[in-house]
Protein chains: 2
Amino acid sequence: MMPLGPVAILGGTGQQGSGLARRLAAAGIDIVVGSRDPDRARGTIAGWTERVEVASNASAAAAADTIVFAVPFKTIDALVDDVGSRMRADAIAIDVTVPLTFEGGRMAMLDVAEGSAAEHIRARLPQGIALACAFKTIPAHLLDRVDEPLDCDEFVCGDSDAARERALALVAALPQLRGVDVGPLARARSIEQLTALAVAINRRHKRHDARFRVVGL
Amino acid sequence: MMPLGPVAILGGTGQQGSGLARRLAAAGIDIVVGSRDPDRARGTIAGWTERVEVASNASAAAAADTIVFAVPFKTIDALVDDVGSRMRADAIAIDVTVPLTFEGGRMAMLDVAEGSAAEHIRARLPQGIALACAFKTIPAHLLDRVDEPLDCDEFVCGDSDAARERALALVAALPQLRGVDVGPLARARSIEQLTALAVAINRRHKRHDARFRVVGL
């Protein structure tokens, strides 16, 4: 496997982004945390490893081979507008967002015209940038507890072989996590519904960490 | 737990229905297999246990406390029209269908106006009949190999507590299968997408039995 070059994690100080950044850094990957507010972000990452740097989202996107979109779905359009033209022509984008809303305490899927958050982002990214999804079903706060192992499966999809391979390599970098390639980007519709199912299970059974493993694979 | 009264399995000679009928009968539950063609169905069940009888779909529905809809989704409207008025007022319906199509070898979710097969059936059943879903994500042909254990989770949802409890009791009757209550009937949208994900995993990885287990529960 090719060594993974610098990975930008846009929104890398949020719960999901911060968990990913620290776990990937612990696996020996150089990380650039992208933030709307790099000064504040520098405070957040103080105490993380030397492998993690901070930059604006646009600078982080320009500096990396792999760009992870780890912002809340409702801010994704502004982020893609901000960084799309800054990404290298051969960069690969990884979408980890889920279009869930918790308004009024009730969990619901947002109605995304393209069918999934992944397809929504695809429609807004520069054509040449390959896109895959990963890390959509792993609980963000489990990801953020970086000393706890991730004993589950992570589902990867994308229309580009190179992008799926990159996403699978990121998953494989995290101990005990197994990547499961599920094919084309439109499979994100199923993956995002799986996250909704995990949240529903957590709420109903007063848990926080429901996640999935495929049996028979 | 109350003993489970006779369970009607409409479409009980199909792969999914036949697996359910034989496994539930093996658990000591009396089964009435409903069929459009009871004479032919009698041939199919010859050699099954004495606990399994055959009737027309309408007669099977009239004879049971629990009625499982195990026909292909595309025939569900005709079936509900046929049996809806024959069901007992206190009967509970269990939907096990998934709105998948495999036309031209390509798997796709049918566009169901109500959001899921379960909600589609809900809109067509008599109001008083409570409905839950179960057995949507277990591979039909694994279900049909009745000597093999089912070492996975099955997701149950429904708006009626009584219906969810009945569905969970059916799941619990099958050794090693764990029922996971995921709440309201609209969660069927996620469950049915999970089946699509299992099919996608099977196709991509040349397997036949992909199924799921919840970690952290």
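The values are calculated or read from the model by the stated rules, or taken from the named source; none is laboratory data. If you're wondering where the values come from, they're calculated on a predicted model, not measured in any experiment. Quick reminder, even Gly has a Cβ in these numbers, built from the backbone with ideal geometry, and neighbours come from all protein chains shown. The accessibility values were calculated without ligands, DNA or RNA, using every heavy atom of the protein model including side chains. Shrake-Rupley method; radii C 1.70, N 1.55, O 1.52, S 1.80 Å.
Identify, for chain B, the residue whose C-beta comes nearest the rotation axis onto chain A, and round that distance to whole Å.
Per the B/A rotation axis, the closest residue of B reads B:Q193, 2.
Check which residues have an amide H placed less than 5 Å from B:F212's amide H, if you skip close sequence neighbours.
Result for B:F212 returns A:V215, B:D153.
Quick check: Cα centre of the stretch A:154-204 to Cα centre of the stretch A:72-114, how many Å?
Going from one Cα centre to the other spans 15 Å.
If the label for B:A46 sits 7 angstrom from Cα along the Cα-to-Cβ line, what are its distances to the same label in every other copy, in nm to one decimal, shortest first?
Shortest to longest, the spacings are 8.3 nm.
Taking θ as phi - 60°, what are the ³J(HN,Hα) couplings along the stretch A:5-19 by the Karplus curve (6.51, -1.76, 1.60), each to the nearest whole Hz, with x for Gly and Pro?
Taking θ as phi minus 60°, the curve returns x, x, 10, 8, 10, 7, x, x, 9, x, 4, 6, x, 5, x Hz for the stretch A:5-19.
Defining the label point at 7 Å along Cα→Cβ, can you sort the distances from B:R203 to the same site in each other copy, shortest first, in nm?
Nearest first, the other copies' label points are 3.1 nm away.
For a quick check: with amide H placed at 1.01 Å from N, whose amide H comes under 5 Å from B:E53's, ignoring anything fewer than 5 positions away on the same chain?
B:I31, B:V32, B:V33
Apply the Karplus parameterisation 6.51 cos²θ - 1.76 cosθ + 1.60, with θ equal to phi minus 60°, to every residue of the stretch A:187-201 and state each ³J(HN,Hα) to the nearest whole Hz, in sequence, with x for glycine and proline.
Here the 3J(HN,Hα) series is 5, 4, 4, 6, 4, 5, 5, 5, 4, 4, 5, 4, 5, 4, 5 Hz.
Quick check: residue separation of B:A123 and B:T49 times 0.36 nm, minus the Cα distance between them. What number comes out in nm?
In short, 23.1 nm is gained.
When the accessible area of the stretch B:1-155 is split by element with a 1.4 Å probe, what percent falls to carbon and sulfur?
48 percent
To the nearest hundred square angstrom, how large is the accessible surface buried between B and A, total for both chains, probe 1.4 angstrom?
So the buried area, both faces added, is about 2700 Å².
For the stretch B:52-65, what does the Karplus curve 6.51 cos²θ - 1.76 cosθ + 1.60, with θ = phi - 60°, yield as ³J(HN,Hα) per residue in whole Hz, taken in order and with x for Gly and Pro?
Each residue's phi maps through the Karplus curve to give 10, 10, 10, 7, 5, 4, 5, 5, 4, 4, 6, 8, 10, 7 Hz.
Per residue, how much accessible area does chain B show when a 1.4 Å probe rolls over the protein heavy atoms, in square angstrom?
Here the per-residue accessible area is 42 Å².
With a/c under 1.5 counting as rounded, go ahead and sort the stretch B:2-149 into rounded, prolate or oblate using the C-alpha gyration tensor (a ≥ b ≥ c being the square roots of the eigenvalues; past the cut-off, prolate if a/b is larger than b/c, else oblate).
oblate
Determine the calculated [θ] at 222 nm for chain B from helices alone, applying -39500 (n - 2.57) to every DSSP H run no shorter than 4 residues and normalising by the residue count; nearest 500 deg cm²/dmol.
-10000 deg cm²/dmol
For chain B, set up a Gaussian network in which alpha carbons nearer than 10 Å are linked by springs, and say which option among B:K74, B:K136, B:K206 fluctuates the most.
B:K206
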